[in-house]
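A.B. asks: Below you will find the structure I want to go over with you.
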2 protein chains.
Amino acid sequence: MSSPRILICGAGFGGLTAARTLGERFSRSRLSGEILLIDKENYHLFQPLLYQVATAGLSGPDIAIPIRSILRRYPQIRVRMGNIQGFDLSAQLVLLEGSAVAYDSLILSLGATTSYFGRVSWAEHAVGLKSLADAHRIRSRLLLAFEEAECTEDADRREELLTVVIVGGGPTGVELAGAIAELARHVLRRDFRRIDPTKARILLLEAGPRLLNQFPEKLGRVAERKLRELGVDVRLLSPVRDLGEGSVVLPTETIRAANIVWTAGIAPHPLTAALPAPHDRSGRLLVHPDLSLPGYPNVFAIGDMVSVPGVPAIAPAAMQMGRHVADLVANALSFGSAPPEKRPHFRYRDKGMMATIGRASAVAWIGKATFNGPAAWIAWLTIHLVFLIGFRNKAVVLFEWIWSYLTYGLGARIILPSEETASPTRRSPSDSSSTEG
Amino acid sequence: MSSPRILICGAGFGGLTAARTLGERFSRSRLSGEILLIDKENYHLFQPLLYQVATAGLSGPDIAIPIRSILRRYPQIRVRMGNIQGFDLSAQLVLLEGSAVAYDSLILSLGATTSYFGRVSWAEHAVGLKSLADAHRIRSRLLLAFEEAECTEDADRREELLTVVIVGGGPTGVELAGAIAELARHVLRRDFRRIDPTKARILLLEAGPRLLNQFPEKLGRVAERKLRELGVDVRLLSPVRDLGEGSVVLPTETIRAANIVWTAGIAPHPLTAALPAPHDRSGRLLVHPDLSLPGYPNVFAIGDMVSVPGVPAIAPAAMQMGRHVADLVANALSFGSAPPEKRPHFRYRDKGMMATIGRASAVAWIGKATFNGPAAWIAWLTIHLVFLIGFRNKAVVLFEWIWSYLTYGLGARIILPSEETASPTRRSPSDSSSTEG
């Protein structure tokens, strides 16, 4: 092989930042070599706004940007859509379906999936929120439940249909609960004749003593109060004992709900387990301080699949890691390779954390300051718009936000035509045995 | 039953116009009664722009508007999502899954589906374009074929992947061929490294002697010339003899193509056949001049499911029929019912027809005038924006159009995460037996 090949697996925040950083370095320093980015999708997903696709505020393409168009201006970068099946690190190969790709340097950024803590069957009963398919499924099921409720003559079934349970009081759970409450209270309010969507029961279940446990306690209390004001039934110290078809078993009661969303845990990508490196209790990789794999100085792992003390599993951390390893790889090409122990360590620069709760309401924790209310909300909107890739996407999302703020309307209120998105218990909303009229 | 119930089946152009007209009449004349609109989806689909969803220019929610929000301001209208299973016209019942709905007046607007002229197996090999699911399937398969072509080492397979066949030279076929040619030539051009998307082969097959056979001959020739300029291989007098997995059999040759789209025929909704009324050769209902069903003066049928001499199967005709029957029904409530032969006949007011071909190019036929080029294109854009429902949708679509015109970029270039949309022949683009590097 003539010129070195850098292979990046995964086009999430970490992998994409690594690719762009390398693309810039290659252009600036006239480095020779090839960068290949592999992902199973053809788009980069802006996950922080995924809950808005799930709650009908945005369309999928608003936050899913074609990887090829993002990286178009870097001639050294090639993009390949493919499913990674495994790794042969000693032969320096990444295995795809029926083929293998050789590398000189490897950057792994495979991300995380929803974890049900080993209760595999729970995945059937509670949808997670990690992919566009998840978001579409949640949206269609939510809207379909209101449609079914409008038709049914059975009061118990109606109550079940109008109950939404969100498991997990982290940022995703809080944002989803707030958005679903607003969907029911503001958007759907005038749409139905027989049911009153504002009577929908939205429960947010958290096993621990407070919401947003990665944030300062004060902000967890603010989020709790704001959600209660929106009508969300926040239940702390409420660990889920079991999940069934349309039912959530708590220590003291069983709740019937047509919609159950699971945001209580994430686990690193399943292939992480197969990598020859130590793992922490949750399955994440333990890496050298430079983010290389022990024993494989040319292999790096970044983002939600690694465990680095003091670094949270959030997009800015993955992006910083991507930049760090891209610089290491580019430096090695420019100045020669250094052994891992001589390389600069990854240092996380804490830029803060934030979560929206609803209309003009958010919590933010930046440096030592905590703030909430409209100022935090404006900060949240601005930062998300700045980091969303592509002028077109920024413009459309900004328009959708202004529109829904002014009109209390949400544009993407459509039930997608897929078998998969059909209601878990019933295929059609009109499948009730009654004669009307 | 105290107050009369008007039941409308289908929320396409005909049914929705009937509902809005009745809603207005009820509000204005303080009529009492209930209007119930049933559709299998929760949205009205603006079908004239569906080909732009299929070719990645628009997102589904841009042209799919929630029915409930369109009809929100009419208190007498109720909306119900449900699958219609059949009719019992003598008992005045519409049968849903497990339930039945009684009516006093019935307006049927079930629309049309893709017809393969009885060749049922062809549906597996060639996707039609009537629903949002169809559009998403076409988009995902098209984009996936380019991804696969970028990976494969097999030159024959690559050629097959880069071949798109569109069957049917009517407005949908012409618009799709133009949009796919522009997608390959302008949008994807800079996205790939190993393949040249501008080399994609796009064939438009028409069994008859010219394109757009409902338009004046001159416009068919213009469309043909414009498409050829865009690089589309237009084949007239090319009836399809057979369709197989990735192959189209013509009288003189067999073409291998990963993507085959079928726009060559439509048939009325399958339930049309079960209605107790005469049908024409293509299965459409023959109705009284007032659009009522013979023998059922309180049952009307409108839109693509009926055959009225001189009336084309296009949206404006369905809308005019919807208005006509809504007026008949409202008049009967206000002034008493007249027998069908004494009611005003439906008269089609021909507002013309148009089709886009590509960037700044369209053909239009209005009154006795035919025109084409940028003026026809501007007219096309304007009319479609005016008729698209909802300010939000108009604004987003207008933005997307301006953006793609200025940048040659298309926003919705994402492959949707569904098993159904996987390539017909291969599951993953990387499933080729080779070792790279």
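A.B. asks: For B:K130, all conditions in the list (1) over 17 Å from B:L183 (Cα atoms); (2) more than 13 Å from chain A (Cβ to nearest Cβ); (3) within 15 Å of the chain's Cα centre (by Cα) hold save one; what is the number of the exception?
C.D. replies: Going through the list (1) over 17 Å from B:L183 (Cα atoms); (2) more than 13 Å from chain A (Cβ to nearest Cβ); (3) within 15 Å of the chain's Cα centre (by Cα), B:K130 breaks only (2).
A.B. asks: Continuing with this model, one more query. Determine whether B:I383 is at pLDDT 85 or above and more than 7 Å from chain A (Cβ to nearest Cβ).
C.D. replies: yes
A.B. asks: Which members of the stretch B:139-176 meet the condition of being within 15 Å of the chain's Cα centre (by Cα), in a helix (DSSP H, G or I) and either among the small types (G, A, S) or not assigned by TED's automatic domain parsing to the domain that holds B:W377 (or both)?
C.D. replies: B:G173
A.B. asks: Give the residue, chosen from B:G60, B:G128, B:G118, B:G98, that is modelled with pLDDT under 95, under 30 Å from B:N259 (Cβ atoms) and out of contact with any His (no Cβ under 9 Å at 6 or more places or on another chain). Lay out the reasoning, then the answer.
C.D. replies: On the way: B:G60 fails: out of contact with any His (no Cβ under 9 Å at 6 or more places or on another chain); B:G128 fails: modelled with pLDDT under 95; B:G98 fails: under 30 Å from B:N259 (Cβ atoms).
Only one candidate qualifies: B:G118.
A.B. asks: Kindly provide the set of residues from the stretch A:13-60 that are over 23 Å from A:I314 (Cβ atoms) and open to solvent by 10 Å² or more (accessible area, probe 1.4 Å), ordered by number.
C.D. replies: A:E24, A:R25, A:S27, A:R28, A:S29, A:R30, A:L31, A:S32, A:G33, A:E34, A:N42
A.B. asks: Which of (1) over 22 Å from A:Y408 (Cβ atoms); (2) within 12 Å of chain B (Cβ to nearest Cβ); (3) crowded, with 24+ Cβ neighbours inside 10 Å is the odd one out, the single condition A:G168 does not satisfy?
C.D. replies: In the conditions (1) over 22 Å from A:Y408 (Cβ atoms); (2) within 12 Å of chain B (Cβ to nearest Cβ); (3) crowded, with 24+ Cβ neighbours inside 10 Å, A:G168 misses (2) alone.
A.B. asks: Looking at the stretch A:25-114, what helices (runs of 4 or more DSSP H) fall wholly within it and have at least 2 residues that are more than 10 Å from every other protein chain (Cβ to nearest Cβ)? So that I can check it myself, show each step before the final result.
C.D. replies: Working: elements: A:50-54, A:60-63, A:67-70.
Per the criteria, A:50-54.
A.B. asks: Give the stretch B:378-418 a look and list any residue that's in a helix (DSSP H, G or I), free of Cβ contacts under 8 Å to residues at least 12 places away in the same chain and touching a Leu at 6+ places or on another chain (Cβ under 6 Å), or say none.
C.D. replies: B:K394
Per-residue answers, yes or no, for (1) under 26 Å from A:Q76 (Cα atoms); (2) under 26 Å from the mean Cα position of the chain (by Cα); (3) surrounded by fewer than 18 Cβ atoms within 10 Å (Cβ to Cβ):
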| position | (1), (2), (3) |
| --- | --- |
| A:L275 | no, yes, no |
| A:V287 | no, yes, no |
| A:A301 | yes, yes, no |
| A:D304 | no, yes, no |
| A:L328 | yes, no, no |
| A:P344 | yes, no, yes |
| A:D350 | no, yes, yes |
| A:V363 | no, yes, no |
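A.B. asks: Identify all residues within the stretch A:149-165 that are within 14 Å of chain B (Cβ to nearest Cβ) and either under 30 Å from A:G208 (Cα atoms) or of a type in the set (S, T, Y) (or both); write none if there are none. Can you show your working first?
C.D. replies: If we filter the stretch A:149-165 for residues that are within 14 Å of chain B (Cβ to nearest Cβ), which is where we start, we get A:149-154, A:157, A:161.
Across the stretch A:149-165, the qualifying residues are A:T152, A:L161.
A.B. asks: B:I63 versus (1) over 30 Å from B:I202 (Cβ atoms); (2) not assigned by TED's automatic domain parsing to the domain that holds B:M305: which is the lone unmet condition?
C.D. replies: If we test B:I63 against (1) over 30 Å from B:I202 (Cβ atoms); (2) not assigned by TED's automatic domain parsing to the domain that holds B:M305, just (1) comes out false.
A.B. asks: Does A:I195 meet the test of being under 26 Å from B:S69 (Cα atoms) and at pLDDT below 95?
C.D. replies: Criteria met by A:I195.
A.B. asks: Among the numbered criteria (1) more than 28 Å from B:T163 (Cα to Cα); (2) of a type in the set (S, T, N, Q); (3) surrounded by fewer than 16 Cβ atoms within 10 Å (Cβ to Cβ); (4) at pLDDT 95 or above, which single criterion is violated by B:S282?
C.D. replies: So the condition that B:S282 fails would be (4).
A.B. asks: All but one of (1) in a loop (DSSP other than H, G, I, E, B); (2) of a type in the set (A, V, I, L, M, F, W, C); (3) open to solvent by 30 Å² or more (accessible area, probe 1.4 Å) hold for A:A375; state the number of the condition that does not hold.
C.D. replies: The single condition A:A375 does not satisfy is (1).
A.B. asks: Return the pairs, sorted by first residue and then second, in which the second residue is assigned to a loop (DSSP other than H, G, I, E, B) and open to solvent by less than 80 Å² (accessible area, probe 1.4 Å), the first residue lies in the stretch A:344-361 and is within 15 Å of A:S404 (Cα to Cα) and modelled with pLDDT of 90 or more, the beta carbons are less than 7 Å apart, and the residues are 6+ apart or on different chains.
C.D. replies: Here the result reads A:S361/A:G373, each pair linking the stretch A:344-361 to a residue that is assigned to a loop (DSSP other than H, G, I, E, B) and open to solvent by less than 80 Å² (accessible area, probe 1.4 Å).
The values are calculated or read from the model by the stated rules, or taken from the named source; none is laboratory data. This structure is a prediction, so every number in the text was calculated from the model and none was measured. Methodologically, a virtual Cβ is constructed for each residue, glycine included, from the backbone with ideal geometry; neighbour enumeration extends over all protein chains shown. In case anyone asks, the SASA skips ligands and DNA or RNA and just uses the protein heavy atoms, side chains included. Shrake-Rupley method; radii C 1.70, N 1.55, O 1.52, S 1.80 Å.
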